[in-house]
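What follows is a single structure, written as structure tokens, with notes after it.
Each reported figure results from applying straightforward, stated rules to the coordinates on display, with no laboratory input. For clarity, every value in this text was computed on a predicted model and none was experimentally measured. So basically every Cβ, Gly included, is an ideal-geometry build from the backbone, and we count neighbours across all protein chains shown.
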Amino acid sequence: MNREEINKLFGVTDEQLDHMAAEYESGEWQGSVGPIVPGRPRLYDEELETISFRLPKSRVNAIDAKAKRNGETRSQFLRQAVDDALLADA
């Protein structure tokens, strides 16, 4: 997940986080820490299934390079590519 996706998940903006951090660092923060939930946040509201398929090495290298430029993992990149392809047909 990139920062924008994480912010959206938690309903905050970078500006709000910067403001809260400044308050906390100055000792003026009146907030509280919510419940700590171990593990990664869920990506979807349904069970995920692993799929496997083969691609030419050059395509895998291109995917990895593009994902890295976008600050994503290979899985994040591929999930988004599949979603984009499916939504294009909608």
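Kindly list the residues of the range 2-16 that lie in the label zone of Ala22, defined by a backbone N under 17 Å from the point 7 Å along the Cα-to-C-beta vector. Residues 13-16 fall inside that zone.
This structure gives mean projected area of the Cα convex hull in nm², computed directly, and of (1) 9.0; (2) 12.8; (3) 5.7 that value is listed as (1). With r defined as the distance between the Cβ atoms of Glu46 and Leu9 and R0 fixed at 22 Å, what FRET efficiency is calculated, to the nearest 0.05? Plugging the Cβ-Cβ distance into 1/(1 + (r/R0)^6) gives 0.85.
When the chain is modelled as a GNM with alpha-carbon springs shorter than 10 Å, which of Val37, Val12, Val60 fluctuates the most? Answer for the Gaussian network model of the chain: Val37.
Between exposed chymotrypsin sites (Phe, Trp or Tyr not before Pro) in the chain, where DSSP calls loop and at most 10 other Cβ atoms lie within 10 Å, what's the longest gap? Before the final figure, lay out the partial values.
Details: sites that count: Tyr44, Phe53.
Between the exposed loop sites, the longest stretch runs 1-43.
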